[in-house]
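Undergrad: Below is one structure. I have some questions about it.
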Amino acid sequence: MTRMDFEVVVLAGGASSNLSPLVSQELPKALLPVANRPVLSYVLELLEGSNLKDLIVVVEGEDAAQLVGGWISGAYADRLHVEVAAVPEGVGTAGALRSISSYLTANDVLIVSGDLVTDVPPGAIAATHRRHGAVVTTLLCSSPVSGPSDSGTSGGKEKAKKPVRHNIIGLDPTRQYLLHMATGAEVEKDIRLQKRILQAVGQMEIRADLMDAHLYAFKRTVLQDILDQKDKFQSIRQDILPYLIRTQLSSEVSRNGLVSSESGSNKSAVQDDLRWLSQHREIAPSTFQDSQPLSLKSQRDDQRSHKCCVYIANESKYCARLNSIQAFSDINRDVIGEASHLSGYSFSAQNNIIHPSAELGSKTTVGPQCMLAEGSKLGDKCSVKRSVIGRHCRIGSNVKIVNSVVMNHVTIDDGCSIQGSVICSNVQLQERVVLKDCQVGAGYIVTSGSEHKSESLARK
Amino acid sequence: MAQKKGQRGATSVAADDSEVVARIPLQAVLLADSFNLKFRPITLERPKVLLPLVNVPMIEYTLAWLDSVGVEEVFVFCCSHSQQVKDYLKESEWMKPSSRFSITTVESHDAISAGDALRVIYEKSVIRGDFVLISGDTISNMNLTQALQEHKERRKKDPLAVMTMIIKHSKPSNLTHQTRLGTDELLMAIDPQTKELMFYEDKVNPSIISIDKELLANNTWVYLHNNKQDCYIDICSPEVLSLFMDNFDYQHLRRHFVKGLLVDDMKDHLIDSLTSSDVRYKLHKICAFYIELGLLAVLIQSHLALPVFMYMIMGYKIFTHEIHSSYAARIDNFRSYGTISKDILQRWAYPLVPNFQYFGISSKVKLDRQGVYSAPDVVQSRSARIGATTLIGSGTTIGNHTGISNSVVGRGCTIGNNVCIDGCYIWDNVIIEDGCRLNHAIVCDGVHLSAGVVLEPGVILSFKVEVGRLITIPAYSKVSLRPQPSVQDSDEELEYADASSAVIESPCTFYTHDLFNCFSAIVACISITSMVSNRNAESSPDYSAHEVGISGVGYIWSTNEGEHEEEWRHSIAPIPEAKLIELSHAYLEEPDVAYLDVNDFLVSGEVKPDSESIGFDDGDGGDYGDSADFDKEVEATFHRALTGVNQETVILEINSLRLSCNKSHADCAGALFFSMMELGLEAPRSSNNWLLVIKLDMFGSDNDNHGVDCELYQNIAKEINKWKDLLKHYLKSVDEEASIYVVSFRFYEPYIYQLEMCICYIQFAIEVILKFEEICLETATELAPLFSIILSYLYEKDILSEDAILSWASEKEGADESDKIFVKQSESFITILHMKLIGPQNWLKEASEEEDEDNGDE
């Protein structure tokens, strides 16, 4: 296998506030379990699959970094060469990159968000990046339809589901170049396009159904350049990427001659693409068109454009980011459900995974798309549907668990009913607790008989 | 059995019926008027549709195309020079019984736009079904069947799909921002699946294009096109005409009608989202009620009209049909005239080519190598060189050593020796003497160029102009026998005014006389008719000899300053190289502007963090205290006011600031007040800065006022007095804003309107007082002791009303003790106000009650 000369940076985050109470000091975001495996493992194994084995994992906060580092060295000691770097909290994605950028040496850098759960091969993005000689290549995937899947009879169909808009993306007609991207709050505003870019391509495809998956390939020199020069940039998604897209026809980065000098012919051929799309006489029927002295400007102009490319994942590919509680539930559901190939487990004939050491009481049913990890015990007459149950849980009798995630060492007493909820580790649910759409933070004790709906329960 | 038969009979009859209903002959509306002045001065004498395009009048091409697509009834709308158009059609093959369709002319003299024309057509009520709307200067060879089919099918599914526009690929130049037809670049948004047109903009100027977010409200996928050209061929449903009727202000087909529909479509979504169906129902009722009462005018005047009309015309849709291999283009300006002529010569518009017997006028030209067409009876010297893509009309003679290339030469022309013609369009019966050089010019019928004349690129010589020996006509000149209309007349009306048919022949008779050298002066604005009557009196226009030569006839039309800059855009001549170089430099320098934008992007706080980021929650990207900036800006504006700018300008400036920063009037008032206070503080004080203890016994102030800086007070009072009008403006104009706000959201509840107006006013005044408090506490503590005095002063000067002060006081009631300093300070003042408001006796009563309560509490 040839060396790809790509360095990989995994931005694994820290204690993300929008995921509380799921994350805590003891459990940084990167280690949140998805089908009983830390979410970071999905990215790491994906990269391993593309033979990208030299990784830098950047974690926010020293403590979190130690936790993540400890887990990685245990799990991937002989498989991957991983360095874990800790950065202060709140520096943003660009800030995190800035603090490690001096260690980067390869031609191109692949930057992956640690919360990505996907089966799109990163090698494909890297190849696209190389083929176009792009400054940045972004992975785009179809926006997931979020929201709880209909739990059978509850009749969730009445809400017409509209896919959540993540980005507004402008592409060229060949869908290779990224011409516009609106993120975050801009998505709900009017679309503001640069006229020059539209003119250069003539036709722009504006999509609201694509999502930036936070997997980028950057040309290293350009990235370092931007990080050095634009010290106000805090985020890749909101600062660096928009900056590169906006300036792609009036490139500052390349003009400074800082772009690594590739073999000249190759580069200019590639860079001509956008240029020749913009030629005046291209499709004009008349052959004796006014001949324009285009040659005059092309020389200077060539150096002033860089390319922002996209790799659009096939719709059949799974791609999701664990960046909200909703996403956490969705991904857990999908990984043991429709995207079960991601989990790496082999499913039983009943389309579920029950660890041999798990114990089930009599008349207890575990439905399809469920997971029951080692050492967990279920009492009698329990019913588990589309849920993940972690290790060493003690579950009493007459417990109903639907569409939920139960982490490790959870004690659930008799007669509880849990629906659409997330129960963190070491939680105790006393008898006849009824939870619907709740999150219970680690170590919390829910007193017997209490009912909660759409609440977030955590220790103060 | 019999029953069955009967049934079958019935069904077949029904089928026949539906066929009869569906069988409406395909109709077309041909606008034989372009409703613009781009072909002046030629169109002063002949309508645009009759101008020869490769020696055939333009309208022939349009009619030939209509014939080829199976149109059965054509309504030709004539306006300017209508008699000429009618006469021409009468003579043409199309009016003969052998013609496959019927032509009806519709005439109107007061129509000044396509909108008016369609309204006239509507009034004739001749259109029964879908029709083709085309202008008489459109050349096409497309097959309409598919587009028609699509249109009909869409109509069946969705009766709101009223129009199908034909578009074609055409990439505008990056440098000139125009297509090869010389038309402005066009921005369209099209739904790739349904081909619905979502957005249409032909004036794309700023470097940032802003598109309404509603565009993506229902779609996830839209194509934005900058590389399409509007062919100006539309398939319309009869509703289009009635829409023009309903919207009497629609003039331009694209600018008003298309955009109007699209924008209303947007509003429709908006109103959808704003109001429930219940409210819409009410709205509908209100409309109906008002219209019944004939109160439409009232509606229009009040702001109610907007939503009402939104309700009335929403939902219509326009679709597009793109043609790929066929040809369709409209002659919009001289550049497109040139381009399309060449396309015809190069057979892109086949079968509409010069050697094809398609037109009524039989043209027996034959095609040689290199795209040279020539009539059989052309008399051509052996030494003459006819270059590529050229057409020489019948009866033309060409002298020795004359070179002609890329040109069209009409019938009966005489071209002398050593003439050089490149890229020119020479119409009929033109005489070009020896040694002339013509470069990218249009030379109309009957022009006489004496020996040695040079026409620089882009020259237009209108009918019968004569140019004297050795004259050089400068580039982009337009020469006509008609004097240039004076500026105030230069709108459309004039063209139609002198279009009256009686005048048409005058130029002909005019020039049978030998007028050349002997004209005495006559005022340029004299009308043609009077010129005719005066011609025997030997007083006729004085053509300036240095323009068209000693023996020349014609006026050089001067172009307006602004126009001249743009002359190269629409000229027949290719864009000069120097211009392109200039433009490309401009293009290359532009990035710096774009780069500035980039900075703006960040500073203006557009980039906001949101919850989507990964663990590295992206930090605060923007929002650098908008309000502080705003205050500063207002202050700066205000300081400018000090230096002599008058108050109205200041108000204007502050208003624009307010709009750009999205602030309310209250913020303005607050900020203004702040700057006034600062001014008062900064004002120079006399050197012996000693304190005066003053007694302001007008409201019986207590000992709080000891140690008050009297001078400071006076300074501030002076400033307030000086600028109170400005401040008042903001406090009073509140009403207006409130009313707009109320009208737009609550217009069906008039009483709330009243209420909110009051509330708004008080709120705004409170804003000022709060600002004042803030100043006293934070920026200028020395003001603090003056608070109550200034408050009373503001009241005295009628800037703050008692309502406002009282509600401020009551608002503060629940506040912390520290917040109440100023309320306490001005307690006595407030009491007085209170007394004033409810009458002293009542107040006494209340006060005693309060006291009682207080006592009771203790």
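Undergrad: If packing is taken as the average count of other Cβ atoms within 10 Å, what order do B:325-337, B:79-91, B:52-64 fall into, highest mean first?
TA: Put in order of decreasing packing, that is B:52-64, B:325-337, B:79-91.
Undergrad: Hey, got a sec? Which trypsin sites (Lys or Arg not before Pro) in the stretch B:138-214 land in a DSSP loop and have at most 14 other Cβ atoms within 10 Å?
TA: The qualifying sites are B:Lys203.
Undergrad: Can I ask one more? Pop out the ³J(HN,Hα) list for the stretch A:18-33 in order, Karplus 6.51 cos²θ - 1.76 cosθ + 1.60 with θ = phi - 60°, rounded to Hz; leave Gly and Pro as x.
TA: 7, 9, 5, x, 5, 8, 7, 4, 7, 10, x, 3, 4, 9, 4, x
Undergrad: Here is a further query. Non-local amide H neighbours of A:Ile445 (under 5 Å, H modeled in plane, Pro and chain starts lacking H): which ones?
TA: Residues meeting the amide H criterion: A:Gln428.
Undergrad: Within the stretch B:372-481, list the trypsin sites (Lys or Arg not before Pro) lying in a DSSP loop whose Cβ has at most 16 other Cβ atoms in a 10 Å radius.
TA: Of the trypsin sites (Lys or Arg not before Pro), the ones in loops of the stretch B:372-481 whose Cβ has at most 16 other Cβ atoms within 10 Å are B:Arg382, B:Arg469.
Undergrad: Distance cut-off 26 Å, Cα to Cα: go down the list A:Lys232/B:Lys632; B:Lys38/B:Lys195; B:Lys203/B:Lys317 and report the pairs above it.
TA: B:Lys38/B:Lys195
Undergrad: List every residue whose amide H lies under 5 Å from the amide H of B:Met198, counting only residues 5 or more places away in sequence or on a different chain, with H placed 1.01 Å from N in the peptide plane.
TA: Hits under the 5 Å cutoff: B:Ala189, B:Ile190, B:Asp191.
Undergrad: How do the peptides A:86-99, A:118-131 rank, highest first, by the average count of neighbouring beta carbon atoms within 10 Å per residue?
TA: Going by the mean number of other Cβ atoms within 10 Å, highest first, we get A:86-99, A:118-131.
Undergrad: List every residue whose amide H lies under 5 Å from the amide H of B:Phe77, counting only residues 5 or more places away in sequence or on a different chain, with H placed 1.01 Å from N in the peptide plane.
TA: B:Leu30, B:Leu31, B:Ala32, B:Val106
Undergrad: Measure out, as a whole number of angstrom, how far apart the alpha-carbon centroids of the stretch B:367-439 and the stretch A:1-46 sit.
TA: 79 Å
Undergrad: Over the stretch A:348-457, what portion of Cα pair distances is larger than 22 Å, expressed as a whole percent?
TA: More than 22 Å apart: 18 percent of the Cα pairs in the stretch A:348-457.
Undergrad: Evaluate peptide A:13-21: per residue, the Cβ atoms of other protein chains within 10 Å of its Cβ; return the mean as an integer.
TA: Per residue, the average neighbour count from other chains is 3.
Undergrad: Please list 3J(HN,Hα) in residue order for the stretch A:191-197, calculated via the Karplus relation 6.51 cos²θ - 1.76 cosθ + 1.60 where θ = phi - 60°; whole Hz, with x for glycine and proline.
TA: Per residue, the Karplus-derived 3J(HN,Hα) values read 7, 10, 10, 7, 5, 4, 5 Hz.
Undergrad: If you don't mind, another one. Let me confirm one metric for peptide B:570-583, namely the mean number of other chain beta-carbon atoms within 10 Å of its residues' beta-carbons.
TA: Across B:570-583, the average partner-chain Cβ count within 10 Å equals 2.
Just so you know, all these numbers are worked out from the coordinates, no wet-lab data involved. No experiment lies behind these values; they were computed from the predicted model shown. Counting neighbours? That spans all protein chains shown, and the Cβs are built from the backbone with ideal geometry, glycine included.
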